[in-house]
Amino acid sequence: MTDHSPGALAALWRARRPSGPPVAHTFRSAYADRWVRFHSLPGSKRYPESEDEYAVVLHRYNTVLDELFADRHVYVVTSDWSGAPGGPAAFPTPRRELHPNGVHWWTDSDEDDPDPAFHTHTRFYADLRPWRHGCVDALLRAVADEALVGVFVTDTELRRIHHPYDGGADVVLATPGERDRLRDRHADWLSSQPSGL
């Protein structure tokens, strides 16, 4: 039986993703050769303003998530941060309500500033679940509204990562070829910018 404990997940991350901690906004640069970004709304509109637009956002997120994780188990990861490793979250988010089974598995501390008032400790929480279409819709809506940041979904081998953000999703695939095939299937959802942003 595979160990899915918080310690085992942290060890697996260190082994499979040695380029750095599980900080979602760094995935684009850390895994540039396997990364693609999809926009959530036509015309690269950032925030949905109607239920019809939320439906488009959720459709795009779930379409890619289904392609990545159908018939698999996934880790759903959320985060918060504090001025102290065990302190309260620095600002209120719906993380606990929307991810009640998330178990703390990693803390990324930034204590470079000599003034402790500027130290930050980002805490990551994960739960393991079978992937089902729509199973993270409440989290995805909160992400689309920028009420939550730093969310990602990954398979149990950490080979594929889907990081939704307000305006789109950064996706890391197992190989450049897999990235290219996914990108080509959803070319209408890509940025018109050469950088892919």
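The values are calculated or read from the model by the stated rules, or taken from the named source; none is laboratory data. What you see is a predicted model; the values in this text were computed from it and never measured. Backbone-built Cβ (ideal geometry, glycine too); neighbour counts: all protein chains shown. Just the protein is used for accessible areas: all its heavy atoms, side chains included, with ligands, DNA and RNA removed. Shrake-Rupley method; radii C 1.70, N 1.55, O 1.52, S 1.80 Å.
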If I filter the stretch 72-91 for residues that are surrounded by fewer than 17 Cβ atoms within 10 Å (Cβ to Cβ) and modelled with pLDDT of 95 or more, do I get at least one hit? yes
Is it true that Glu146 is part of a loop (DSSP other than H, G, I, E, B), open to solvent by 10 Å² or more (accessible area, probe 1.4 Å), of a type in the set (Asp, Glu) and touching a residue at least 60 places away in the same chain (Cβ under 8 Å)? yes
Yes/no for Val36 being touching a residue at least 60 places away in the same chain (Cβ under 8 Å), touching a strand residue (DSSP E or B) at 6+ places or on another chain (Cβ under 7 Å), surrounded by 16 or more Cβ atoms within 10 Å (Cβ to Cβ) and farther than 22 Å from Cys135 by Cα: yes
Would you check which residues across the stretch 155-177 are of a type in the set (Val, Ile, Thr) and open to solvent by 10 Å² or more (accessible area, probe 1.4 Å) and list them? Thr156, Thr175
Which condition does Glu49 not pass, out of (1) assigned to a helix (DSSP H, G or I); (2) without any contact (Cβ under 8 Å) to a residue 40 or more places away in the chain; (3) within 19 Å of Ala142 (Cα to Cα), if it passes all the others? (1)
If I go through the stretch 114-143 residue by residue, how many of them are closer than 25 Å to His4 by Cβ, without any contact (Cβ under 8 Å) to a residue 40 or more places away in the chain and out of contact with any strand residue (DSSP E or B) (no Cβ under 7 Å at 6 or more places or on another chain)? 1
Do you know which of the residues in the stretch 92-109 that are surrounded by 12 or more Cβ atoms within 10 Å (Cβ to Cβ) and free of Cβ contacts under 8 Å to residues at least 40 places away in the same chain is farthest from the chain's Cα centre (by Cα)? Ser109
Are there any pairs, at least 6 apart or on different chains, whose C-beta atoms fall under 6 Å, with the first in the stretch 71-83 and small (Gly, Ala, Ser) and assigned to a loop (DSSP other than H, G, I, E, B) and the second open to solvent by 10 Å² or more (accessible area, probe 1.4 Å) and at pLDDT below 95, and if so, which? none
